[in-house]
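Each reported figure results from applying straightforward, stated rules to the coordinates on display, with no laboratory input. None of these values were measured; they are calculated from a predicted model. Counting neighbours? That spans all protein chains shown, and the Cβs are built from the backbone with ideal geometry, glycine included.
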Amino acid sequence: MWPPSIDRWLDRITSTDPRTNVYGAARTLLALSTLLTLAFTDTFALFRPALGIETFPMCSGGLRGFTLFCMMPTHLELAKVVAIIALIVVASGWRPRLTGVAHWWISYSFMNSAILVDGGDQVTSVLTLLLIPVTLLDQRRWHWLPPPRVERVTYSESSQRLVCSSVIQVIRLQVALIYLHAAIAKCAVAEWTNGTALYYWFTDPVFGSPSWLDPLLTPLLAYGPFVTLLTWSVIVLEFSLFASLLADQKYLPILLIVGISFHLGIALIHGLISFSITMTAALILLLRPARQTFAVPRWLTRMKWSSLVPRSVLMRPVTTGTPASAR
């Protein structure tokens, strides 16, 4: 039915099951990001009146009325506890098929109902929505486990792999566009193009670096060429992360390390911890191929719940079987 070139393309796409602990690790980080915000931020700081917003939580317009916090507007503390417990379950990796939609609902609820949100919360809401098809097709008990071994990839399995791989590619494009947008936006700001933006960001009284870093940063910020190169390096990195869509895969681990280091720096200097965790998850989805699974920590295999499956299955490497193209 299909030309041979299409068959070969389908074989390549479906030869690897994308439902591995790579996307599982990203889900865990996305859940931890929202979890930490809810757990360590006062309820009144998250849900309170603001300029032009007299009632809280924000429940008017669109689907906001169906969010968790709008369904429990007089019991926001209890809603927080419910969300935190659910996010702990999601972060543990238990039953992606059952927790995927709930994860998106909680992320969407927080992003649309709270007054104190940042770009990371928006990214989490979008990525958890896009991940729903993958989670619904993920039959594993825990998302840390390797995909089930199959002797032959059936038509059904091949179709599921094709759907999941396609979704992951859409997510990669979405994440890459986030960095492209950030880079282009910076090019329209004089302080970024003349290389002084980071000086102002690092010395900002609200979002600037903590005082304990002053002995290190003050001499560096006084050296103009260093500030200029550091400022421009951010734009170069963001363009490079977008270009990773077309890059040879041998460069992806380098970009992943540099990208994560960049966001660790944001967490350290600006205190945007949840944002940095979210973007680390996004970078994993963008730059870590599904077949390059993470090694399962030994302590993870020794937990009581891991005995629900044989240890040999936990430690079994991913096998792809023989792909069967959809003809």
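Tabulated data for the structure shown
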| read-out | value |
| --- | --- |
| Ranked L286, L136, criterion: other C-beta atoms within 10 Å, fewest first | L136, L286 |
| Relative contact order (percent, whole number), the chain, Cα cutoff 8 Å, 6+ residue spacing | 30 percent |
| About the Cα centre, charge dipole magnitude for region 4-314 (Lys/Arg +1, Asp/Glu -1 at Cβ), debye | 1380 debye |
| Linear extension gain, V258 paired with F66, 0.36 nm per residue minus alpha-carbon span | 65.2 nm |
| Chymotrypsin sites (Phe, Trp or Tyr not before Pro) within region 148-229: DSSP coil, no more than 13 neighbouring Cβ in 10 Å | F207, Y223 |
| Estimated FRET transfer efficiency (F226, R172; beta-carbon r; R0 41 Å; 0.05) | 0.80 |
| Cβ-isolated cysteines (cut-off 4.7 Å), the chain | C164, C187 |
| For the chain, with +1 on Lys and Arg beta carbons and -1 on Asp and Glu, the positive-most of T278, T14, S240 along the dipole | T14 |
| Extension gain, I85 back to E151 (0.36 nm per residue minus Cα-Cα distance, nm) | 20.0 nm |
| Alpha carbon convex hull of region 1-129, projected area averaged over orientations, nm² | 10.5 nm² |
| Residues F47, F239, sorted so that the one with the fewest Cβ neighbours within 10 Å comes first | F239, F47 |
| Karplus 3J(HN,Hα) series, Hz, for region 252-257 with 6.51 cos²θ - 1.76 cosθ + 1.60 (x for Gly, Pro) | 5, x, 5, 4, 5, 5 |
| P(r), alpha carbons of the chain - 20 Å bins starting at zero, rounded % | 27, 54, 19, 0 |
| Spin-label proximity, L98 to region 109-152 - amide N less than 17 Å from point 7 Å beyond Cα toward beta carbon | 135-145 |
| Extended-chain gain in nm, criterion 0.36 nm per residue less alpha-carbon gap, Y200 and T218 | 5.3 nm |
| At most 14 other Cβ within 10 Å, DSSP loop - trypsin sites (Lys or Arg not before Pro), region 112-215 | R149, R152 |
| GNM result for the chain, Cα springs below 10 Å: residue of H270, H143, H75 fluctuating most strongly | H75 |
| Dipole in debye (nearest 20) - region 185-298, about Cα centre, beta carbon charges: Lys, Arg +1; Asp, Glu -1 | 520 debye |
| Cleavage-rule hits, GluC sites (Glu not before Pro), region 144-238, DSSP coil, Cβ neighbours within 10 Å at most 15 | E151 |
| 3J(HN,Hα) from dihedral phi, region 40-45, Karplus parametrisation 6.51/-1.76/1.60, rounded to Hz, x for glycine, proline | 10, 10, 4, 4, 5, 6 |
| Amide proton proximity set for W142, modelled H, under 5 Å, gap of 5+ | R95 |
| Sequence of M71, M58 once ranked by neighbouring C-beta atoms within 10 Å, starting from the fewest | M71, M58 |
